[in-house]
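Mind looking over this structure? Questions follow.
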Amino acid sequence: MATLVETKPVSLERSIVILKELLAEHAAYRSRGYQHAKTEERSVTLFDSLQNRYALVDLGWFDKKHSCKTVILAELLDGKLWIQQDDTEEGIADELVKTGIDSQHIVLGYRPEEMRSLTGFAVK
């Protein structure tokens, strides 16, 4: 989605701004799809700057059933962005890298620790 590429190293503060922008873009895109499908579902962002947690959640009603699904969950832990959940097609981590964020500042927390060294992202 995002095509912005930073020319200098991206600070942690700037990484959070970029993450929030990407989550907002995803929420808008997904919500438009739900509107087009004429469902009572929508995508919302949740930003908790005090605890450094950022999420994209799909919620609403479909076929007379309520649903609430975490699509993306990211946390700032030990100076790195930890992606704890990612149910997107391209992957939010790859999108973050395309904006100039160093892949070694991103941890795929949903991958087993022994597999993280194979991902191209930070291990811890």
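Quick one: how many residues across region 35-48 are within 15 Å of Ala24 (Cα to Cα) and either open to solvent by less than 100 Å² (accessible area, probe 1.4 Å) or hydrophobic (A, V, I, L, M, F, W, C) (or both)?
Counting residues in region 35-48 that are within 15 Å of Ala24 (Cα to Cα) and either open to solvent by less than 100 Å² (accessible area, probe 1.4 Å) or hydrophobic (A, V, I, L, M, F, W, C) (or both) gives 6.
Turning to a different aspect of this structure: How about region 6-58: which of its residues are assigned to a strand (DSSP E or B) and out of contact with any helix residue (DSSP H, G or I) (no Cβ under 7 Å at 6 or more places or on another chain)?
The answer is Glu40, Leu46, Asp48, Arg53, Ala55, Val57.
Which one of these does Ile83 not meet: (1) out of contact with any Cys (no Cβ under 8 Å at 6 or more places or on another chain); (2) among the hydrophobic types (A, V, I, L, M, F, W, C); (3) farther than 28 Å from Ser11 by Cα?
Among (1) out of contact with any Cys (no Cβ under 8 Å at 6 or more places or on another chain); (2) among the hydrophobic types (A, V, I, L, M, F, W, C); (3) farther than 28 Å from Ser11 by Cα, the lone unmet condition for Ile83 is (3).
Out of Gln51, Gln85, report the one residue that is surrounded by fewer than 18 Cβ atoms within 10 Å (Cβ to Cβ), under 26 Å from Arg116 (Cα atoms) and within 14 Å of the chain's Cα centre (by Cα).
Going through Gln51, Gln85 in turn, just one is surrounded by fewer than 18 Cβ atoms within 10 Å (Cβ to Cβ), under 26 Å from Arg116 (Cα atoms) and within 14 Å of the chain's Cα centre (by Cα): Gln85.
Only residues that are touching a helix residue (DSSP H, G or I) at 6+ places or on another chain (Cβ under 8 Å) and charged (D, E, K, R): list them for region 78-124, please.
Lys80, Asp86, Glu95, Lys124
A further question on this structure: Mind listing just one residue for me: the one in region 88-102 that is in a helix (DSSP H, G or I) and open to solvent by 30 Å² or more (accessible area, probe 1.4 Å) and, of those, nearest to Val57 (Cα to Cα)?
Asp94
The values are calculated or read from the model by the stated rules, or taken from the named source; none is laboratory data. Model, not experiment: these values are computed from the prediction. We place every Cβ from the backbone using ideal geometry, glycine too, and count neighbours over all the protein chains shown. These area figures cover heavy atoms from the full protein model, side chains too; ligands, DNA and RNA do not enter into them. Shrake-Rupley method; radii C 1.70, N 1.55, O 1.52, S 1.80 Å.
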